[in-house]
Amino acid sequence: ALMTNANHIRGSAWINFPRVLCERWSFENLALMGDAAASAHFSIGSGTKLALESAVALADYVESEPDLEAAFRKYEDARRTEVLKLQSAARNSLEWFEEVERYLGLDPVQFNYSLLTRSQRISHENLRLRDAEWLGGAEEWFQHQAGAGGNRLRRAPMFAPFKLRGMALNNRIVVSPMAQYKAVDGCPTDWHFSHYAERAKGGAGLLYIEMTCVSPE
């Protein structure tokens, strides 16, 4: 029998979406699929696709396997990872919409970028494949608001300037401390000079040095 629960489809009403995770997708001669097995928030628009793909896989295994137990086992093994991937993306999208107020103050360009990448299935470079012109404009906007100009407008975001309180960094590359504890009585040594100077040559905007203890204790 085909069962459904479409009570959430009522115009533009919004709800706190229940996330369904099932340890097992079958029992005796019954198998779960779609939202009954694993719900995916409707903001990514893939719930029906997920259910249909699971139905196709289940039908194939019921046809090819000698009994239902084996068919159900293969069906679950084959589909669980893909379903979890989509559920993860749907959860990211759900959380974005449930916390949308935190994004309302963003510039429209930044808001649109956040909206488009909310599920984390669409990356920066994937956006370039979908709409290179729009992304190019968004990259220029980002560089402009960061204070870049001239030929720096189309650089990667990590090379944009960054203001950290009263300090202006040329880029957003940070070298973390190595925590080698080479200071002697709180004083840096030649090791520090050579170590950090080598990393500074790479062009990092900010170098974090290790702590310099004033005594062995």
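Assorted remarks:
- The chain, relative contact order in percent, only Cα pairs under 8 angstrom and at least six apart counted: 11
- For residue 56 and residue 178, the FRET efficiency from 1/(1 + (r/R0)^6), where r spans their Cβ atoms and R0 equals 45 Å, is about 0.30.
- Computed per residue of the chain from DSSP H runs no shorter than four, each worth -39500 (n - 2.57), the mean residue ellipticity at 222 nm is -14000 deg cm²/dmol.
- Full-extension gain in nm, residue 106 to residue 199, via 0.36 nm per residue minus C-alpha separation: 30.0 nm
- Straight-line cross-link reach from residue 85 at under 22 Å between alpha-carbon atoms covers these lysines, not counting any fewer than eight positions away in the same chain: 49, 74.
- Residue 95-residue 132 pseudo-label distance in nm [points 7 Å out on the Cα-to-Cβ vector]: 3.4
- Anisotropy class of region 83-136 from Cα gyration tensor, a/c 1.5 cut: oblate
- Cα lying deepest toward the dipole's positive end in region 173-217, options 178, 192, 203, charges on Cβ: 203
- Placing a pseudo-label 7 Å from each Cα along the Cα-to-Cβ vector at residue 68 and residue 192 gives an inter-label distance of 7.3 nm.
- Of [x] 1.06; [y] 1.83; [z] 1.16, the label for Rg/Rh (Cα atoms, Kirkwood Rh) derived from the coordinates: [z]
- Across the options 29, 144, 81, the greatest Cα extent toward the positive end of the charge dipole of the chain (unit charges at beta carbon of Lys, Arg, Asp, Glu) belongs to 144.
Where a number appears in this text, it was derived from the coordinates with a stated rule and is not lab data. What you see is a predicted model; the values in this text were computed from it and never measured. Cβ: placed from backbone, ideal geometry, glycine included. Neighbour counts: every protein chain shown.
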